[in-house]
Amino acid sequence: LILFKEHEVKAVEQYLEEMALKGWILEDISLKFFIFKKSKPKKLKFTVDIFTDLKAGEYIEYCEARGWNYICETNNYLIFCTENDDITPIQTDEDILLNKLSNSMLKNISAQIIGTTYMMYTIYKVFFIVFS
């Protein structure tokens, strides 16, 4: 079970690279569980990219054309790998990366605030309106 936030993508990339060196290659993500397949140990480079645009298909094609192999996606994260050590990273502009990080974090925080507010309102209704 792997749960990670925007600021932890580099740690996830490192974890996936270490697992590949042990012979476990990420195949998919299902219900927040990383699913690995057994393989010969490989030196792979992984990238976890935050993607919030609606045109993920075009973006995946763009990355694959530049040598990255699409593996899977979860929430707003696309995961790619390559055997090429000298490949150009998907994200080379730090400003764009920071913008993506902040936008994604803002969306997550907003969703948590809305969810908490709704839960508190529901509890209020149950205890003070239904039982009165």
Counting only other residues whose beta carbon sits under 14 Å from that of Thr82, what net charge do I get with K and R as +1, D and E as -1? -3
Which whole-Hz ³J(HN,Hα) couplings does the range 60-77 yield from phi under the Karplus relation 6.51 cos²θ - 1.76 cosθ + 1.60, θ = phi - 60°, glycine and proline marked x? 5, 4, 4, 5, 5, 5, 9, x, 8, 9, 5, 9, 6, 9, 8, 6, 9, 10
Sequence-distant residues sharing a close amide H with Cys72 (under 5 Å, placed H): Ile79
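FYI, it's all coordinate maths here, none of it is from the lab. Keep in mind it's a predicted model, so treat the numbers as computed, not measured. Backbone-built Cβ (ideal geometry, glycine too); neighbour counts: all protein chains shown.
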